[in-house]
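Have a look at the structure below, then the notes.
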Amino acid sequence: MYGKVTGACLHGIDGICIEVEIDIANGLPQINVVGLPDTAVRESIDRVRSAIKNCGFQFPLERITVNLAPADLRKEGASFDLAIAAGILLTSGQIELPGMGGCLLVGELALDGGLRPVPGVLSMVDAARRRGIRRVLLPLSNVDEARLISGTEVQGISSLSELGTPCKRGLTADGASLSETESASESFAREVLSARPDVPAEVHGPLAASDDYADVIGQHHAKRAIMIAAAGMHNLLFIGPPGTGKTMLARRIPGILPPLSDEEALEVTKIYSVSGKLGTITRFMRQRPYRSPHHTVSAAGLIGGGSIPKPGEVSLAHQGVLFLDELPEFSRSVLEVLRQPLEDRKVTIGRARASFTFPSGFLLAASMNPCQCGFYGTETAEQSCICSPLKIRQYKARISGPLLDRIDLHVEVPRLDYTAMTDKRPSLSSEDMRRQVLAAHRRQQLRYEGSFMRFNAELGGKWLRKYCVLPPEAEDLLRQTFDRLRLSARAHDRILKIARTIADLETSDGITYGHIAEAIQYRNLDKSYSL
């Protein structure tokens, strides 16, 4: 006897549909799983056997072969439990599942037959939709997440016994009880639940009072730099003594960024689904993520890894903000792994069994003190720097030149005097900054429509030469600065990108002398903090 159902597993952050083939033949009772299964898939046989028996079905005492196709792809996780169990029951003639050839079955089984949720359901259902599979059978806890994929018919069950006839404990996806003689499969074939449409978030949603830049006293230069960084998705680094508001400034950056687009929201929600950090949701994530890992984070925790690679902090911050507080306190080896994601906006993790690529297009915001004690350059009669010149050089050397070269804006955040602290004049609010950032984003969307680019930070090659044409006086200023500071070619290009963003904020079609001059002054470490 032969039967086939469709399951799914994860490969990176993408879902892959897997054909679960079942063959039951005469012979000594045994069951074999083939098709490169990992330990979790092999152990599913024991869960499936117990679940089938405890739900009142009969486990076939024959030779059972389970093939997971394609056979050359490594299969991982417990998401195949439901598909294997349903395939065995279907092939042995104990249940009838009309239309299961066009249905995806996903879920982990408990020993009593109950269904437990699995991570990455969003990616699996999206893969099934692209393959033309429109119906999904999965645990009740995953129903809301699966319904995010439009055009997909979702049925949630709580136990394997709900596949049988009769079923007295069945629940439909909306929680209503099934009749005592109607199985979940019959209910599924009779009345399919439509996917819940996504409810878009408001572009100008309210901001929490604690996240408003109006509460940040002074630091107008830093706010201007933040607005430029947010408008073009440029990386920035705050440099200043303790207590000047570097962390406060960085934490408010997501509040001035526009909400995620439909495409971005699906991609970010997939990452959180695969990571098991999504929780119970009824719509896509629309707020841009903000991640702030502690300086003790490992390289695998930052970029992802493990025997079965999972997304790290740089991928969890995709399309959002990654804030690294006290940058020199991070391990040198950890910081160096940021080079690839900052340049390529993706992370490739190679393992013996496969290579995984995770997206990592984030805005890097970092902060650091000018020295280890924090007071170099801001000495007063009462408080002076206690670091020797050697210690200051060693402290700065914790950040390599190649990494520093990939940070677009270097911003000094000075100590405020008492007069500035008591200044009652209204400060630039998050709403004011967000309005300007949104306008700059719209200009970029129109300019790069039809291309792979969305923000000025992604400019490169011929696109940089096309959209960053300089007038003669601006070209002369950039040439003089390039020679005097001995800038790298990368720093040269980043100055052009920043100037392009400044021009967008000022609704200027072309880059002027003033735009280049302002962009150059944000390369402080090239001037004063050169390593």
**Prompt:** Scanning for something touching a Phe, Trp or Tyr at 6+ places or on another chain (Cβ under 8 Å) and closer than 15 Å to ALA299 by Cβ, does segment 336-346 turn up at least one residue?
**Reply:** yes
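Rundown of residues vs (1) over 16 Å from ILE308 (Cβ atoms); (2) without any contact (Cβ under 8 Å) to a residue 40 or more places away in the chain; (3) of a type outside the set (Ser, Thr, Tyr), yes/no style:
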position: VAL41; (1), (2), (3): no, yes, yes
position: ALA51; (1), (2), (3): yes, no, yes
position: THR65; (1), (2), (3): yes, no, no
position: ARG74; (1), (2), (3): no, no, yes
position: ASP81; (1), (2), (3): yes, yes, yes
**Boolean, ASP476 is loosely packed, with under 12 Cβ neighbours inside 10 Å and more than 21 Å from LEU363 (Cα to Cα)** = no
**Request:** State the number of residues belonging to segment 4-47 that are among the aliphatic types (A, V, I, L, M), surrounded by 23 or more Cβ atoms within 10 Å (Cβ to Cβ) and either in contact with a Gly (Cβ under 7 Å, 6 or more places away or on another chain) or part of a strand (DSSP E or B) (or both).
**Result:** 6
**Prompt:** Within the bounds of segment 266-276, is there any residue that is closer than 24 Å to HIS11 by Cα and without any contact (Cβ under 8 Å) to a residue 60 or more places away in the chain?
**Reply:** yes
**Message:** I need the helices (runs of 4 or more DSSP H) fully contained in segment 106-200, keeping only those with at least 1 residues that are in contact with a Pro (Cβ under 7 Å, 6 or more places away or on another chain), modelled with pLDDT under 90 and crowded, with 18+ Cβ neighbours inside 10 Å.
**Reply:** 184-190
**Message:** Let me confirm something: among GLY350, GLY361, which residue is under 21 Å from ILE271 (Cβ atoms) and either among the hydroxyl-bearing types (Ser, Thr, Tyr) or surrounded by 14 or more Cβ atoms within 10 Å (Cβ to Cβ) (or both)?
**Reply:** GLY361
**Message:** Could you check segment 294-337 and list, in sequence order, the residues that are surrounded by 15 or more Cβ atoms within 10 Å (Cβ to Cβ), in a loop (DSSP other than H, G, I, E, B), out of contact with any His (no Cβ under 9 Å at 6 or more places or on another chain) and small (Gly, Ala, Ser)?
**Reply:** GLY312, ALA317, GLY320
**Asked** Somewhere in segment 273-281, is a residue surrounded by 16 or more Cβ atoms within 10 Å (Cβ to Cβ), over 10 Å from the mean Cα position of the chain (by Cα) and either modelled with pLDDT of 90 or more or in the same structural domain as THR247 (by TED's automatic domain parsing) (or both)?
**Response** yes
**Fill in**
Taking segment 462-505 and keeping only residues that are closer than 23 Å to VAL411 by Cα, over 31 Å from the mean Cα position of the chain (by Cα), not in a helix (DSSP H, G or I) and not hydrophobic (A, V, I, L, M, F, W, C), one is left with ARG486
**Item:** Filtered residues of segment 448-461 (kept if assigned to a helix (DSSP H, G or I) and within 16 Å of HIS234 (Cβ to Cβ))
**Value:** ASN456, ALA457, GLU458
**Asked** Just checking, how many residues over segment 380-421 are among the aliphatic types (A, V, I, L, M), free of Cβ contacts under 8 Å to residues at least 40 places away in the same chain and assigned to a helix (DSSP H, G or I)?
**Response** 2
**Request:** Return yes or no: is ALA457 surrounded by 14 or more Cβ atoms within 10 Å (Cβ to Cβ), closer than 17 Å to MET227 by Cα and either within 31 Å of the chain's Cα centre (by Cα) or charged (D, E, K, R) (or both)?
**Result:** yes
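The values are calculated or read from the model by the stated rules, or taken from the named source; none is laboratory data. This is a predicted model, so every value here is computed, not measured. We place every Cβ from the backbone using ideal geometry, glycine too, and count neighbours over all the protein chains shown.
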